[in-house]
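Working notes, beginning with the structure itself.
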Amino acid sequence: PIETWYLDIPLITRVYVTAACLTSLAIQLGLVHQLHLWLNYNSIMNGQWWRLVTNFLYFGPISIDFCFHMFFLARYSRMMEEGFYRSKPADYLWLLLFSAIALIFCSIVLPFAYMPFLGPPLSFTIVYIWARRNPYVRLNFLGIMVFSAPYLPWALLCFSLVLGGHIPIGDILGIVVGHIYYFFEDVWP
């Protein structure tokens with residue numbers, strides 16, 4: 001049953017995906033307005049600290065794009081939590097915290113990188129780190145292409161570029177932050 005499937009999802013992934021789905025549902029139903037959640041530095045300086053968290057929970061209105069984001073977030077976050085971070089939840093929380101802080105920092109420092117909602121780049125960061133840590137896994141992308149996992153972020157980036165018609169800054173930001181984490185966690189030591 002669905003309850004068993006849901007409870008089998010590791011805790012951090014389950015909480016994050018559930019919070020993201022409930023946030024989008026609340027906005028879709030008009031219970032909350034997205035302007036109360038976005039990353040607005042003036043509002044944060046005026047005491048609205050929740051925006052530092054809620055901007056990572058909104059992935060846009062419920063749509064095909066939202067479903068793709070939830071699928072990739074749930075799948076790769078779960079695989080990270082069950083694989084590399086098995087019995088190390090604090091390390092996985094550190095990955096998420098570091099990535100969130102780095103994304104906010106990039107959003108402040110790089111004017112072209114400002115995004116009001118940083119959930120999609122955070123999910124892209126998770127996908128990138130998973131892909132780099134699983135170099136021998138073969139993936140089938142939409143039944144069209146077969147490639148090794150390290151190429152997944154680049155295939156998704158090209159897919160976003162083709163479908164969106166513009167440079168996906170959030171995806172690129174996720175790759176950059178993911179690479180920084182991967183380098184200092186797996187390559188440097």
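The values are calculated or read from the model by the stated rules, or taken from the named source; none is laboratory data. Not measured: the values here are computed from a predicted model. Backbone-built Cβ (ideal geometry, glycine too); neighbour counts: all protein chains shown. SASA here: full protein model, heavy atoms, side chains in, ligands and nucleic acids out. Shrake-Rupley method; radii C 1.70, N 1.55, O 1.52, S 1.80 Å.
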Inset, instruction - Output the number of residues of segment 54-98 satisfying the condition of being modelled with pLDDT under 95 and of a type in the set (Asp, Glu). - result: 1
Inset, instruction - Report, by residue number, each residue of segment 69-93 that is of a type in the set (S, T, N, Q) and out of contact with any Ser or Thr (no Cβ under 6 Å at 6 or more places or on another chain). - result: Ser87
Inset, instruction - Filter segment 1-17 for residues that are surrounded by 14 or more Cβ atoms within 10 Å (Cβ to Cβ) and over 16 Å from Ala100 (Cβ atoms) and give the result. - result: Ile9, Pro10, Arg14
Inset, instruction - Please work out if Asp65 is among the charged types (D, E, K, R), without any contact (Cβ under 8 Å) to a residue 24 or more places away in the chain, surrounded by fewer than 19 Cβ atoms within 10 Å (Cβ to Cβ) and closer than 22 Å to Leu157 by Cβ. - result: yes
Inset, instruction - Test Phe147 against the criterion of being within 25 Å of Leu163 (Cα to Cα), touching a helix residue (DSSP H, G or I) at 6+ places or on another chain (Cβ under 6 Å), open to solvent by less than 30 Å² (accessible area, probe 1.4 Å) and not basic (Lys, Arg), and give yes or no. - result: no
Inset, instruction - Could you please find all residues in segment 26-59 being in contact (Cβ under 8 Å) with a residue 60 or more places away in the chain and either basic (Lys, Arg) or surrounded by fewer than 17 Cβ atoms within 10 Å (Cβ to Cβ) (or both)? - result: Trp38, Asn40, Tyr41
Inset, instruction - Determine the pairs where a residue that is closer than 13 Å to Leu96 by Cα, located within segment 174-189, has a partner that is open to solvent by 70 Å² or more (accessible area, probe 1.4 Å) and in a helix (DSSP H, G or I) with Cβ atoms under 8 Å apart, the partner being 6 or more residues away or on another chain. - result: Gly178/Arg132; Tyr182/Arg132
Inset, instruction - Pick out the one residue from Arg78, Arg138 that is of a type in the set (Lys, Arg), closer than 30 Å to Gln34 by Cα and open to solvent by 50 Å² or more (accessible area, probe 1.4 Å). - result: Arg78
Inset, instruction - Determine which single condition Phe124 fails, assuming it passes every other condition in (1) at pLDDT below 95; (2) in contact with a helix residue (DSSP H, G or I) (Cβ under 6 Å, 6 or more places away or on another chain); (3) closer than 26 Å to Tyr151 by Cα. - result: (1)
Inset, instruction - Could you list, in sequence order, all residues of segment 158-178 that are open to solvent by 30 Å² or more (accessible area, probe 1.4 Å) and of a type in the set (A, V, I, L, M, F, W, C)? - result: Cys158, Phe159, Leu161, Val162, Leu163, Ile167, Ile169, Ile172, Val176
